[in-house]
1. Restricting to segment 20-34, and then to whatever is over 14 Å from Thr2 (Cα atoms) and in a strand (DSSP E or B), can you tell me which residue is most open to solvent (accessible area, probe 1.4 Å)?
2. Kindly evaluate Ser81 against the criterion of being open to solvent by less than 50 Å² (accessible area, probe 1.4 Å), closer than 22 Å to Gly3 by Cα and hydroxyl-bearing (Ser, Thr, Tyr).
3. Quick one: how many residues across segment 45-75 are of a type in the set (Gly, Ala, Ser), loosely packed, with under 13 Cβ neighbours inside 10 Å and modelled with pLDDT of 85 or more?
4. Name the residue that is modelled with the lowest pLDDT, counting only residues in segment 1-15 that are in a loop (DSSP other than H, G, I, E, B) and closer than 28 Å to Ile82 by Cβ.
5. Of all residues in segment 35-44, count the ones that are exposed (fewer than 13 other Cβ atoms within 10 Å of the Cβ) and not in a helix (DSSP H, G or I).
Amino acid sequence: MTGAIRLSYFANFGRSSDGRFLGVPLSYDVPLLALLFLLQPFIGAELFEWLVNVCFLLLAAAHVTSIRVPSPSPAMYAAISIFVAVSSAAVALGRLSSYV
């Protein structure tokens, strides 16, 4: 729900005049959650469930706070995309290897 609020606010007001976002953009969630799922095998199931819930709550709060976040450069978007693709492949391969 906070993501929807964040997106609706951004759709109406966009970035500030200094090129910063108000609140943490939703696109910042993906690398954090990908990293968390990569670490899942090293964390117990009960702790992982608790950690995911805490991360979602913290991200939800960060989406609607009044902190100013600089917008990423094209190079940063490329780095985030590469990280997400590699970590997604690693998670998928880890899941596939458990079936073999």
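1. The qualifying residue most open to solvent (accessible area, probe 1.4 Å) is Arg20.
2. no
3. Qualifying residue count for the region: 3.
4. Top of the filtered list is Gly14.
5. Matching residues across segment 35-44 total 1.
The values are calculated or read from the model by the stated rules, or taken from the named source; none is laboratory data. Because the structure is a prediction, the values reported are computed rather than measured. Please note: Cβ atoms are built from the backbone with ideal geometry, for glycine as well, and neighbour counts cover all protein chains shown. Note: areas computed on protein heavy atoms with side chains; ligands, DNA, RNA excluded. Shrake-Rupley method; radii C 1.70, N 1.55, O 1.52, S 1.80 Å.
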